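Read through the structure below, which is laid out as structure tokens, and then see the notes.
No lab work stands behind these numbers, since they all come straight from the coordinates. Note that this is a predicted model, so its numbers are computed, not measured. When we count neighbours, we look across all protein chains shown, and the Cβ atoms used for this are built from the backbone with ideal geometry, even at glycine.
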Amino acid sequence: MAAFVDRGLSVLKSTGLLSLQLVSLLLVTVTLLFFLVRLTGDPAVVLSGESGDLDALALLRTKYGLDQPLYVQYFSFLANAAQLDFGVSWVEGRDAIAIVWQRIPSTLFLAATGMAMNLAISIPLGTFLGTQLAPRMRKALDVFIFVMQGVPGYVVALFLIQLLVVKYHFFPSVGNESGLSWVLPSLTVASFLAPKLARVIAVNVSEAMQEDYVVMARAQGARYSTQVIRHAFPNAILGATALIGTQVAGLVNGIIITETIFGWPGVGRLLLDSVLLLDFPVVQAVVVLTTIMVFMVNWGTDRVIEIIDPRLKREARA
Amino acid sequence: MLLSVLLLGACDRDQVQVDGAPLPAGSSEPRIARVAMRRLPPAFADIAAHSGQPSIDIWPAFFDALTFIDNEGQTQPWLTTGWTLVDDRTWHFKLREGVKFSNGEPFDARAVQSSVDNVLFGYGATNLVRNSLLPTVAGARIVDSHTIEITTYAPDPLLPRRLAQFYPLPPEYFAKVGPREFARKPVGTGPFMVTDWGVGIVRTRVNPHAWNPPRLAGVDFVEIPDMTARRQAIESRQVHIAQYLSPDDIVDLGAAGIRMIQVAEPRSRLMVFIVKEGSPLKSVLVRRALNHAVNRKDIVKYLLADAPISTQLGIRAMEGFDPRIEPVTYDPALARRLLAQAGYPKGFKLDVDTLASTNTDRLVFEAVAADLQDIGVEVTLNTVEFERWRANLLTGNWKGDMYTWATGIGPLFDISRIWQYLSCDRAKPPFCQREVSDLINARSVEMDPQRRAQMMATANQMLLDDPPAILLHELMAVTGLIGVKDYDVQNLIVRWDRLDLE
Amino acid sequence: MSQVRDAAANGRAIAPAVARRPIAEWPWRRIIIVVAGVLTALLVLASVSGWGGLDELASRRDLSRRLLPPGAEGHLLGTDGLGRDTLMRLLAGTRYTFIIAALATLIAGSIGIGLGLLAVVGPAWVRALVGRLVDLTIAFPSLVLAIVMVGILGRGNLTLAIALGVFYWPSFTRVTLAQGRGVEVLQYVSAARLFGVSRLRIILFHILPGIAPTISVVTAFQFASLLISTAGLSFLGLGPGLGVPEWGSMLAEARAEMTRAPWLLIGPGLAIAWTVVLANLIGDELAAGTRANRRSADS
């Protein structure tokens, strides 16, 4: 009975800690946003559009509560933000949160396919690089990947577009309408992450090949491919999972740039457009939602990694 | 290996294959045209919330205005058939008979009157349209079923022109659903009606009650903000019409079998001087010198596919335009002499608040900056986003010494639109030219067209002697067309009813 | 890498050929890196000081010779939208990306090392607080907030550097913490403490030199990342103003002219890739050097 209560308390404690982390993160983010927005000057002028007379400005100030003292504005802003109410978009007139919500599925789709492509490319490639097969091809590939690590994803994207879209009409480059339109954007997202992951897997595989259990397998006459796939590979992947975890966070950066280049109707492009249009409600909504999502995904991948490799859990505790 | 990829992508510029592939799914219905737009109206179809572009790029497909202004700058009847002046401030407009809204409601004086009431005096905390489009209208009164009387606060010779952007609304439907719902599901008298307003796409189909029936079954408007993506959309035949492409695309896309046309935008580009105390721009000589330093011929020839050079404020189709005025000569030696005369032989520095929405804009401003550099004026182009630029325009709080402007004289085709921002009566004008200001003010209430023209000519001459800006060029919009014909544009308003597929 | 440490700790011999990454098989690698590094450094200096009239050469324009392909009329990389020589612009523009990235690295490093040192010598609660800050910062979507900051506060070299630097410091702190603690407990440091040597002196003369090698590795890699991010933000339109030949902006310009003049992508793309690869290589070299030192120190 006592053990049960103990367990319950610890679960409660860790959930509490988690929420505390999330809340403090959001608080900082939201406060930062609030003051940044106020720094740009009078939002009423931005809202007033073409007219500019003082009466209209005064009306606008009352309507949006901009004539209240700053701390009142801040707390009402916080209260609203807690309910995910960021107000109405100054550009579109709809609820900011609705606009963001509408575009999240596209971004999630891109994130998923991008990550999948990343893994699909890095894992076989990395494993191959970690073996002793075909030394010259391996070395050439290795150089290629090293260079690709330095080539920013946006450069890669532009080349892909030039080749496959403009010259050879293989793929569309417009938004998200036709069936194959996800291919190039996912490839671009993957190119931000794949070189590094492939190299780390390669190192891990080559090191794993020297481990006792693989040497044993070799001594017992196992084929090279079996040594690699059945013995070295699983442990190498364990080592790489930590990296995959951090890559998920870096995914956001790649997505913003990719969405802009390909006109993908997702949240990243919305952010850039809203910032340039000074549409603050939408900017705030995007930043807060993204922060929450990134946090969730980070936490999720941490848990998955811990399950896969309990050693890391022990290390974290220490 | 990277290099090989690069070279592969870069080598040979053969003709792009004309693949003749049918348009992708979504336009499998045969007589629907797809249009790639730069931007969809941000406030949907809320006519009180927004005016000008991008709204007029798409609203005329389903909304009709009371009048329209043709390419010669003349006001023509549309939903009105004619108008008469009762006195200085009272107009009678005769309305077209037999017109219905797409939901069956009749279009009559009652509809116009309730629209005026709603838009000018009704919903919304601020009346943006009132202030920018119809600031002079005091009210509307029904004379009979198809005659409406409109009164103004002061004599307003431009009233019929203003009504070219006023779209009457169906009173019952509007009262039933309210402004916000109306904006999402608009009902108008236009050739098409909106069937779906989604994120990034607006679908319209034939209006069964149209008084002006279209030739097509419908038009789909797709929002593609990025110019390169728009170009790629038409190159790969995913759309029939791509608006606002680059002048540089004319040759390439033309070679690829796409018909490229240039449409005159009622806008001209200039760089306005902001005169502050102690600024070199205070001197008339300096301002003239800067105008002489810019090589406009090369700029329009190489960057703008020969757009017309600005000779005066406004554009060719404007009321009061003087075709006899020659463009300012390109004379860097003269410019340098003028600068020395003004006391700046070594030049000086200038910060320009720059709004460059497209690549071509950027190139033009960089070319101008380079020209000024050649006579010793060091120019820094500080990029400003559109919203911030607009806020600065309204309040007059510019950071730099100049700002860039692509001024529209539409929808009225009159200098008043530009002048409201340069006039001395503003809270913070860029700088004040009292005589010109007074003259233009007087002109705005002058009802006699002869006297108006005379006043404008005098004002133009004054502005040439004491330039408020570096005049550059008139804007031409480049549009790509494939598979369509009869694409007719009157001052940025497309005749969607006339459009047809080949 | 932890596997390497584990293996070493268990006394297992590992052939150097396996412990190092495959690319290390080149014998003349180090020479290439040094030469390339020196050349690049010279270039940066030239760009910054305006030596050789680079800026003037870069701004020479001829509208009638726009968008020429590489090799035409002596322009090795062709000409851009205003007829300016691309190669010259590329060279003259070196300083922008470099300086902003360097500034950002400096900011990130200062914050990171500073906080790390605080955590090393301070009481446990400071360590916990710093740990929280690290977690918090890592959880921030950095590009998102950088975009917002620059978009709102306005463009400018300093703004960009701050917007980026503020998110890149955690790596520095982590390394400082990990390495610093290792140094802290070294016997001579404990001895120094016993003798009442002030904390500040301990930091300056013992800890800092101790962590310097690993910090330099982190610096190289962070600089590489920051180069990519700087050019990236510039590419998105948030970099220095118009007409400035910063590589990211040049890439954006190239994109606008892509269908007409695809070769414009080559210059800035290669330039960015080159510097990033170089920084990564230098980081690798430093890392290998550190590992070698430490292994020899352990054995």
Quiz prompt | Cα lying deepest toward the dipole's positive end in the range B:417-502, options B:Met476, B:Ser444, B:Leu501, charges on Cβ | solution = B:Ser444
Quiz item: Can you give the helix-only mean residue ellipticity at 222 nm for chain B, where every DSSP H stretch with n ≥ 4 adds -39500 (n - 2.57) and the sum goes over all residues, rounded to the nearest 500 deg cm²/dmol?
Solution: -8000 deg cm²/dmol
Quiz item: Local charge sum around C:Tyr96 (other residues, Cβ-Cβ under 15 Å, Lys/Arg +1, Asp/Glu -1)?
Solution: 0
Self-check item: Three principal axis lengths of the protein assembly as shown [C-alpha, angstrom, descending]
Solution: 106, 80, 66
Quiz item: Taking the Cα centre of each part, how many Å lie between the range B:194-238 and the range B:90-109?
Solution: 27
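For Cα pairs less than 8 Å apart in space and 6+ apart in sequence, what is the mean separation divided by the residue count of chain B, i.e. the relative contact order in percent?
Once normalised by length, the contact order is 20 percent.
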Self-check item: lysines whose Cα lies under 29 Å from that of B:Lys301, excluding same-chain neighbours fewer than 8 positions away
Solution: A:Lys167, B:Lys349, B:Lys485
Quiz item: Which value, in debye to the nearest 20, gives the size of the charge dipole of the protein assembly as shown about its Cα centre, when Lys and Arg are +1 and Asp and Glu are -1 at the Cβ?
Solution: 3820
Quiz item: Hey, what's the Kirkwood Rh for the range B:134-217 if you take every pair of different alpha carbons, in angstrom?
Solution: 15.4
Quiz item: What residues from the range C:140-170 fall in the zone where the backbone N is under 11 Å from a label point 7 Å along the Cα-to-C-beta line of A:Thr246?
Solution: C:170
Quiz item: Spin-label point model (7 Å from Cα, Cβ direction): what's the A:Ser24 to B:Arg316 distance in nm?
Solution: 6.8
Quiz item: What are the lysines whose alpha-carbon lies under 26 Å from the alpha-carbon of A:Lys13, with same-chain residues fewer than 8 places away excluded?
Solution: A:Lys313
Quiz item: Given the pairs B:Lys282/B:Lys346; B:Lys297/B:Lys399; B:Lys276/B:Lys346; B:Lys282/B:Lys399, which are separated by over 26 angstrom at their Cα positions?
Solution: B:Lys297/B:Lys399
Quiz item: Any idea what log10 I(q)/I(0) is at q = 0.10, 0.12, 0.14 Å⁻¹ for the range A:205-302, Debye with uniform C-alpha scatterers and no solvent?
Solution: -0.49, -0.59, -0.67
Quiz prompt | Approximate spin-label separation A:Asp302-C:Trp274, in nm, with each point projected 7 Å along Cα-to-Cβ | solution = 4.2
Quiz item: Any idea how far the Cα center of the range C:238-275 sits from the one of the range B:137-193, in Å?
Solution: 49
Practice problem: Give me the percent of Cα-Cα pairs in the range B:67-109 that sit more than 17 Å apart, rounded to a whole number. | Solution: 48
Quiz item: Using modelled backbone amide H atoms (1.01 Å from N, in-plane), which distant-in-sequence or interchain residues come within less than 5 Å of A:Asp95's amide H?
Solution: A:Ser89
Quiz prompt | Along each principal axis, Cα extent of the range B:173-240, largest first, Å | solution = 43, 28, 13
Quiz item: In whole Å, what is the distance between the alpha-carbon centres of the range C:134-185 and the range B:395-445?
Solution: 46
Quiz item: If eta is 1.002 mPa s and T is 20 °C, what Stokes-Einstein diffusion coefficient results for the range B:374-462, Kirkwood Rh from Cα pairs, in µm²/s?
Solution: 143
Practice problem: Mark the label point 7 Å from the Cα of B:Lys276 along Cα→Cβ and return the residues of the range B:355-384 whose backbone N is within less than 18 Å of it. | Solution: B:355, B:378-384
Exercise. Would you compute the Debye intensity of the range B:353-502 from its alpha-carbon atoms alone, equal scatterers and no solvent, and pass along log10 I(q)/I(0) at q = 0.14, 0.20 Å⁻¹ to two decimals?
Key: -0.90, -1.31
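Can you tell me the dipole magnitude for chain B around its Cα centre, using point charges on the Cβ only (Lys, Arg +1; Asp, Glu -1), in Debye to the nearest 20?
Dipole about the Cα centre, nearest 20: 560 debye.
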Quiz item: Among residues other than B:Asp46 whose Cβ falls under 10 Å from its Cβ, what is the net charge (Lys/Arg +1, Asp/Glu -1)?
Solution: +2
Exercise. Sort largest first and round to whole Å: the equivalent ellipsoid semi-axes of the range C:112-169, each the square root of five times a Cα gyration tensor eigenvalue.
Key: 27, 12, 7
Exercise. Give me the distance in nm between label points sitting 7 Å out from Cα along the Cα-to-Cβ direction at B:Arg259 and C:Val35, one decimal.
Key: 6.0
Practice problem: Check cross-link reach from B:Lys94 to the lysines: straight Cα distance under 19 Å, and skip same-chain residues fewer than eight apart. | Solution: none
Self-check item: Two-decimal Rg/Rh across chain B, once Rg and the Kirkwood Rh are taken from alpha-carbon atoms
Solution: 0.99
Quiz prompt | Given charges at Cβ of Lys, Arg, Asp, Glu: the protein assembly as shown dipole, positive-most of A:Ser122, B:Ser310, B:Gly396 | solution = A:Ser122
Practice problem: Please name which of A:Ser274, B:Gln53, A:Leu197 has its Cα lying farthest along the dipole of the protein assembly as shown towards the positive end, using unit charges on Cβ (Lys, Arg +1; Asp, Glu -1) and the Cα centre as origin. | Solution: A:Leu197
Practice problem: Starting from the exponent 0.38 and prefactor 2.2 Å, build the expected Rg for the range B:172-306 from its residue count and divide its actual Cα Rg by it. | Solution: 1.60
